[in-house]
Amino acid sequence: MANAPGGDSPPVPTEITLHQPRGPLEVVFASGRRFEFTAEFLRVHSPSAEVQGHGPGQGTLQQGKREVAIVGIEPVGNYAIKIAFSDGHDTGLFSWGLLHQYGLDRDTMWARYLQRLEAAGGSREPAR
């Protein structure tokens, strides 16, 4: 049976591994694609309303997250994971499609984040 026009089936992970201590979250998809994400990357790009806002241009630039760690991962149905971070943030749902897209766009997203942080005079370092 042929796929629908323009469409492969949605990406589904076959493995999700958190490398401890403070290592990356590794996600392997059925397609064979393998992505690694630092806790800092996932925290500053959390899909939560706290980070992204409730509409275009309403997001909040996350600062001081260099030392954040992933302290928990919970499955949400068969479509996402909820990640708890060491700074208390735990409201973002990372769907399989979102994690796959983040993997494809990770380097561009990270460069854009660093540019925004520099333009705002911000820092990746936590406040002391």
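The numbers here are math on the coordinates, done by the rules we state, and not lab data. Quick caveat: nothing in here was measured; it's all calculated off a predicted structure. Quick reminder, even Gly has a Cβ in these numbers, built from the backbone with ideal geometry, and neighbours come from all protein chains shown.
Yes/no matrix, rows are residues, columns are (1) assigned to a helix (DSSP H, G or I); (2) polar (S, T, N, Q); (3) loosely packed, with under 15 Cβ neighbours inside 10 Å:
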| residue | (1), (2), (3) |
| --- | --- |
| Pro47 | no, no, no |
| Leu61 | no, no, yes |
| Asp107 | yes, no, yes |
| Ala111 | yes, no, yes |
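If you go through the stretch 39-61 one residue at a time, do you hit one that is closer than 20 Å to Pro24 by Cα, over 12 Å from the mean Cα position of the chain (by Cα) and not aliphatic (A, V, I, L, M)? The answer is no; no qualifying residue exists. Scan the stretch 21-38 and give yes if some residue there is more than 13 Å from the chain's Cα centre (by Cα), crowded, with 17+ Cβ neighbours inside 10 Å and not small (Gly, Ala, Ser), otherwise no. Taking every residue of the stretch 21-38 in turn, at least one turns out to be more than 13 Å from the chain's Cα centre (by Cα), crowded, with 17+ Cβ neighbours inside 10 Å and not small (Gly, Ala, Ser). Scanning the stretch 20-68 for residues that are at positive phi and touching a Pro at 6+ places or on another chain (Cβ under 7 Å) gives a single hit, Gly64.
Checked against the criterion of being among the aromatic types (Phe, Trp, Tyr) and either more than 18 Å from Val12 (Cα to Cα) or touching a Phe, Trp or Tyr at 6+ places or on another chain (Cβ under 6 Å) (or both), the stretch 104-119 contains one or more residues that satisfy it. Taking each residue of the stretch 87-105 that is outside any helix (DSSP H, G or I) and looking for partners that are of a type in the set (A, V, I, L, M, F, W, C) and exposed (fewer than 14 other Cβ atoms within 10 Å of the Cβ) with beta-carbon atoms closer than 8 Å, six or more apart or interchain, yields Leu93/Val76.
Within the stretch 113-128, the set of residues being assigned to a helix (DSSP H, G or I) and either small (Gly, Ala, Ser) or free of Cβ contacts under 8 Å to residues at least 24 places away in the same chain (or both) comprises Leu114, Gln115, Glu118, Ala119. You will find that of Ala80, Ala84, Ala127, the residue that is in contact with a Gly (Cβ under 6 Å, 6 or more places away or on another chain), surrounded by 13 or more Cβ atoms within 10 Å (Cβ to Cβ) and among the hydrophobic types (A, V, I, L, M, F, W, C) is Ala84 and no other. Would you pick out the residues in the stretch 63-72 that are within 15 Å of the chain's Cα centre (by Cα) and surrounded by 14 or more Cβ atoms within 10 Å (Cβ to Cβ)? If the condition is that a residue be within 15 Å of the chain's Cα centre (by Cα) and surrounded by 14 or more Cβ atoms within 10 Å (Cβ to Cβ), then Lys65, Arg66, Val68, Ala69, Ile70, Val71 are the ones that fit.
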